[in-house]
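For reference, the structure discussed in these notes is given below.
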Amino acid sequence: MAVLEIDNVSKTFGQGELAVQALKPTSFNVERGELAALLGPSGSGKSTLLLAISLILEPTTGRIVVNGREIYNDGPTGIDERAFRRQNIGFIFQQHNLIPFLTVQENVALVLYLNGAGRRDAARRARELLGYLEIAHRADSLPANLSGGEQQRVAIGRALANEPRLVLADEPTAALDTERGTRVMALLRKIARERDSAVITVTHDHRMIEGFDTVYHLDDGRLTETTRAAAGA
Amino acid sequence: MDLALKDIRRHLGKFVATIAGVSMLLAIVLVMNGIYQGNIADGVWLIDNTATDLWVVERDRGGPFNEPSRMPRDSYKSVAATPGVARASPLVLYTAQREIDGASQQFTIIGYDVFGGLGGPGRIVRGRAIEAAHYEMLADEKLGLALGAKVTLGTHAYSVVGVTHGAVDAGGNPLVYLSLPDAQAVQFQKDNRALVAARAANLKRLESAGYTAAQAERLLPLLSAEGDTINAVLVRLAPGADAGAVAAHIRDWLYFNVYTGAQERTLMLEGRLRKMSAVLGLFRALLVLVSIVIMALIVYVLTIEKIRSIATLKLIGAPNWVIVRLILEQSLSLTLASFAVAYGLRELIVPVFPRTLTFLPGETAITFAVILVGGVIASLMAIWHALRTPPQLALGG
């Protein structure tokens, strides 16, 4: 079952002679348990697509369905964007973006709290998630006291806290060295498999391409190629 | 999860330093409240605490507090004979600055009829009232004199026989009570050389007017009678007497100005105190404004420092109220903590402040409310900026 359906989605900035089509009509689906990459150079349209899927940027045309709910259909569908994001999408950032004044556990629990969980319940579930990500021993540390790799694992924990069907990762390995980047990729793959989530990663990091199930190549706003890993890889 | 408190805990040093700065400003605001009210309380203290129904002063004068008033001493006898007057007493009051206990001190001397006359001190907290016609005095404790202390005023030494509390003139200076003749003696005391010079000048004036030396010598005392004046006559009305009618009678027949206590109060509040009160009011308003502007800048800077975190919060789906609460709570915490520290500072300042500070609970409450509203207003700019921050700011490197 497709967690994400992109159907003929395009985005044009400006009007008339000044109009720039940042994303040409694009269609693809991402299934549960799939680890997908949007690969392309700067200006290829991958960030535009990520913003559209994140309900931050309204596409000019097309239809986007996330987890069975239509979020755009040639225009907004009246969905509460923030509520939808906090309930259905997990975000992983290039610079981790942990809240610096919250501890590791509080950073993860924050998403649960925003989704209405009680303080104790949120803390317990955050601990469990940190255990799953093998970083429970740093639960009471502040982000500033963690290494880059540890911070990224906490950021992944925060992205998974609301048990989303869709995880969006923006250059998650860009700030890490190859070894740590490989570990993060392995973790994302594990998440996709074990938690049955679709993980879509925006990247231009060719070092990590081999690990993805599907790679969508974008160039000049156009989906130029789709590469799928061999079954069982 | 209280994000504001967690941020404060994380940046406690910065927060405490901010509170220290803002609280000092607010402490000045609170003290100025005290000065403002103290100024009014001091200004009308003598009027409110002088047991009299009417103040009789020199004609066409706003005396005896706002303008000098001089009347012949015996004028109180004419006033006493007015229908409806139960008692009339002479009163002398003037400001003096003398060296007491090695320090130059300013005070106001009140001279009154110590044998049953009006105008004496209300409550004596230590010692007794003046019982002798001469050389006894009462002093307010603000002057720092002990019972039995000797104070030289002019050529005589006066014994402190009683001490009052909170007896001050319109400028906040302590009051000293003397018998009427003693007060006049101190007021008109002249240096011997000045007396000799004045006598020589008067003789010369008489001789140049055609008097012989012997005639001039005889006439001389008539020109030297300036010491027998008073500044006001205090009137106690007879039971059932109409104050307006008595005042009109004194005005029409004795050619003096007459004020009730309430009129003297109005003269004081609208005369001497008005400009000072306006200045203090203006300064208070400016200080409150400056405090709010500083708080606004601090809250704004604190918000800008975590703008990426705010963008992240928006991206992961935090509703606006979470962000508004974060900023507003910090602003209010800053305001409340600063006000509490300022209040404590005010209490420390009161005992050592050189002027009377009067605090009205209602005014303190209003100041608190203004500061609290100011704290909310101070956070508006930061809230506006935070709510306009695009969530995509959290994306990218």
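The values are calculated or read from the model by the stated rules, or taken from the named source; none is laboratory data. All values derive from a computational prediction rather than experimental measurement. Every residue, glycine among them, receives a Cβ derived from its backbone with ideal geometry; neighbour counts consider all protein chains shown. The protein model used for the area step is the full one, side chains on, heavy atoms only, and it has no ligands, DNA or RNA in it. Shrake-Rupley method; radii C 1.70, N 1.55, O 1.52, S 1.80 Å.
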When the stretch B:278-289 is examined, which residues are found to be open to solvent by 60 Å² or more (accessible area, probe 1.4 Å) and touching a residue at least 40 places away in the same chain (Cβ under 8 Å)?
B:Phe283
Please verify whether the stretch B:347-358 includes one or more residues that are under 25 Å from B:Ala4 (Cα atoms), away from every other protein chain (no Cβ under 14 Å) and surrounded by fewer than 16 Cβ atoms within 10 Å (Cβ to Cβ).
no
Pairs returned, first residue in the stretch B:13-41 that is closer than 12 Å to B:Arg346 by Cβ, second residue that is open to solvent by 20 Å² or more (accessible area, probe 1.4 Å) and of a type in the set (D, E, K, R), beta-carbon separation under 7 angstrom, 6 or more apart or interchain, are B:Val29/B:Arg284; B:Met32/B:Arg284; B:Asn33/B:Arg284; B:Asn33/B:Glu363; B:Ile35/B:Arg355
Could you please give the count of residues in the stretch B:322-333 that are hydroxyl-bearing (Ser, Thr, Tyr) and either within 8 Å of chain A (Cβ to nearest Cβ) or open to solvent by less than 10 Å² (accessible area, probe 1.4 Å) (or both)?
1
Test each condition in (1) assigned to a helix (DSSP H, G or I); (2) modelled with pLDDT of 90 or more; (3) away from chain A (no Cβ under 14 Å) for B:Ala311 and report the one that comes out false.
(3)
Give me a count of the residues in the stretch B:53-73 that are closer than 14 Å to B:Asn231 by Cβ, open to solvent by 10 Å² or more (accessible area, probe 1.4 Å) and over 22 Å from the mean Cα position of the chain (by Cα).
6
Check on B:Leu175, open to solvent by less than 80 Å² (accessible area, probe 1.4 Å) and within 20 Å of the chain's Cα centre (by Cα)
yes
Hits in the stretch A:184-233 - residues which are of a type in the set (Asp, Glu) and either within 21 Å of B:Leu395 (Cα to Cα) or in contact (Cβ under 8 Å) with a residue 24 or more places away in the chain (or both)
A:Asp196, A:Asp205, A:Asp213, A:Asp219, A:Asp220
In the stretch A:139-172, residues that are on the phi < 0 side of the Ramachandran plot, part of a loop (DSSP other than H, G, I, E, B), more than 10 Å from chain B (Cβ to nearest Cβ) and surrounded by fewer than 23 Cβ atoms within 10 Å (Cβ to Cβ) total 6
Looking at the stretch B:290-321, which of its residues are open to solvent by less than 10 Å² (accessible area, probe 1.4 Å), β-branched (Val, Ile, Thr) and closer than 25 Å to B:Val373 by Cβ?
B:Val299, B:Thr303, B:Ile310
Check the stretch B:288-296 and report whether any residue there is part of a helix (DSSP H, G or I), within 14 Å of another protein chain (Cβ to nearest Cβ) and over 30 Å from B:Asp60 (Cβ atoms).
no
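Yes/no matrix, rows are residues, columns are (1) free of Cβ contacts under 8 Å to residues at least 12 places away in the same chain; (2) more than 30 Å from A:Asn97 (Cα to Cα):
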| position | (1), (2) |
| --- | --- |
| B:Ser291 | no, yes |
| B:Thr312 | no, no |
| B:Leu334 | no, no |
| B:Pro351 | yes, yes |
Of the conditions (1) among the polar types (S, T, N, Q); (2) surrounded by fewer than 24 Cβ atoms within 10 Å (Cβ to Cβ); (3) in a helix (DSSP H, G or I), A:Asn107 satisfies every one except a single condition; which number is it?
(2)
Can you tell me which residue within the stretch A:93-104, out of those that are crowded, with 24+ Cβ neighbours inside 10 Å and more than 7 Å from chain B (Cβ to nearest Cβ), is nearest to A:Arg127 (Cα to Cα)?
A:Val104
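One line per residue, one yes/no per condition, for (1) out of contact with any Leu (no Cβ under 9 Å at 6 or more places or on another chain); (2) within 19 Å of A:Leu160 (Cα to Cα); (3) in contact (Cβ under 8 Å) with a residue 24 or more places away in the chain:
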position: A:Lys11; (1), (2), (3): no, no, yes
position: A:Gln15; (1), (2), (3): yes, no, no
position: A:Ala19; (1), (2), (3): yes, no, no
position: A:Leu23; (1), (2), (3): no, no, yes
position: A:Val30; (1), (2), (3): no, yes, yes
position: A:Phe84; (1), (2), (3): no, yes, yes
A:Arg86 passes all but one of (1) open to solvent by 10 Å² or more (accessible area, probe 1.4 Å); (2) under 14 Å from the mean Cα position of the chain (by Cα); (3) over 23 Å from A:Glu194 (Cβ atoms); which number fails?
(3)
So B:Arg123 fits all but one of (1) open to solvent by less than 70 Å² (accessible area, probe 1.4 Å); (2) over 21 Å from B:Pro181 (Cβ atoms); (3) not small (Gly, Ala, Ser); what number is the exception?
(1)
Any residue in the stretch B:38-46 that is touching a Leu at 6+ places or on another chain (Cβ under 7 Å) and among the polar types (S, T, N, Q)?
yes
Is one or more of the residues making up the stretch A:15-22 away from chain B (no Cβ under 14 Å), open to solvent by less than 20 Å² (accessible area, probe 1.4 Å), of a type outside the set (Asp, Glu) and in contact with a strand residue (DSSP E or B) (Cβ under 8 Å, 6 or more places away or on another chain)?
no
Say whether the condition of being of a type outside the set (Ser, Thr, Tyr), closer than 30 Å to B:Leu143 by Cα and either within 14 Å of chain A (Cβ to nearest Cβ) or open to solvent by 40 Å² or more (accessible area, probe 1.4 Å) (or both) is met by at least one residue in the stretch B:7-20.
no
Subset of the stretch A:111-137 that is assigned to a helix (DSSP H, G or I) and surrounded by 20 or more Cβ atoms within 10 Å (Cβ to Cβ) - its residue that is farthest from the other protein chains (Cβ to nearest Cβ)
A:Leu130
Within the stretch A:176-210, track down each residue that is within 14 Å of chain B (Cβ to nearest Cβ) and either of a type in the set (S, T, N, Q) or open to solvent by less than 50 Å² (accessible area, probe 1.4 Å) (or both).
A:Leu176, A:Ile200, A:Thr201, A:Val202, A:Thr203, A:Asp205
